[in-house]
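What follows is a short report on a single structure.
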Amino acid sequence: MKSLNLNINRRSFFKKFLYSLISLQFIYVIVRLLKPRTQILNLENYFDAGEISSFEKGKIYPFGTQKLYLHRLKDGGFLAVSSKCTHLGCTIGYNPQKKSFECPCHASAFNTNGEVMSPPATRPLDYYPIVFKDNHILIDINNPQRRSKFNQSQVKYI
Ligand code: FES
């Protein structure tokens, strides 16, 4: 009789323990889902390029210290591309007459979206993720994105 009682108590304890674990996991998942995405991002490491309104549509803005160019497209979107040539890593320059990025080392050229126009480079310039916060453009300069071609998902819209 005594051992039966002990078994029931043990079983009851493990059942309660298991239910508690499941409940805690469920609460954890709900809290993670409800947490705003901006709190998950560590914005301290982002480069603040300035106020959104200070960038005219259809223009390219150099940020030499951060080794990138910020392109505000004619449709208002933003694309941040690296100034590091994808051939052997020289620093490219922007030629406003030709509307292209040009590499002084071996003459690779890229269009304003970073796509290769002239070899020897074979892949587009890397781009950086962008977020908007308090009307400012924040660029994730520690996270260059390698790509095989340009597509619209790389452009960030307000
Ligand atoms: S490093 Fe740019 S073309 Fe070679």
(Q) Please determine whether any residue of the range 117-124 is crowded, with 16+ Cβ neighbours inside 10 Å and over 17 Å from Y46 (Cβ atoms). (A) yes
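How many residues are within 12 Å of the ligand (Cβ to nearest atom) and open to solvent by less than 10 Å² (accessible area, probe 1.4 Å) when one looks only at the range 93-102?
Step one: of the range 93-102, the residues within 12 Å of the ligand (Cβ to nearest atom) are 93, 101-102.
From the residues that got through so far, the ones that are open to solvent by less than 10 Å² (accessible area, probe 1.4 Å) too are 101.
Of the residues in that region, 1 qualify.
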**Q.** Filter result for N113 (open to solvent by 50 Å² or more (accessible area, probe 1.4 Å) and more than 16 Å from the ligand (Cβ to nearest atom))
**A.** no
Q.
Looking at the range 66-73, can you tell me whether even one residue there is open to solvent by 10 Å² or more (accessible area, probe 1.4 Å), over 22 Å from the mean Cα position of the chain (by Cα), closer than 25 Å to S53 by Cβ and aromatic (F, W, Y)?
A. no
Q.
Name the residue that is nearest to Y69 (Cα to Cα), counting only residues in the range 117-147 that are outside any loop (DSSP other than H, G, I, E, B) and within 16 Å of the ligand (Cβ to nearest atom).
A. M117
Q.
Cβ contacts < 9 Å: first residue more than 15 Å from Y61 (Cβ to Cβ), restricted to the range 71-89; second residue hydroxyl-bearing (S, T, Y), any location; separation 6+ or different chain. Result?
A. D75/Y157; K84/T91; C85/T91; C85/S108; T86/S108; T86/T122; H87/S108; H87/T122
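The values are calculated or read from the model by the stated rules, or taken from the named source; none is laboratory data. Not measured: the values here are computed from a predicted model. Every residue, glycine among them, receives a Cβ derived from its backbone with ideal geometry; neighbour counts consider all protein chains shown. Heads up: the accessible areas ignore ligands, DNA and RNA and are worked out on the full protein's heavy atoms, side chains in. Shrake-Rupley method; radii C 1.70, N 1.55, O 1.52, S 1.80 Å.
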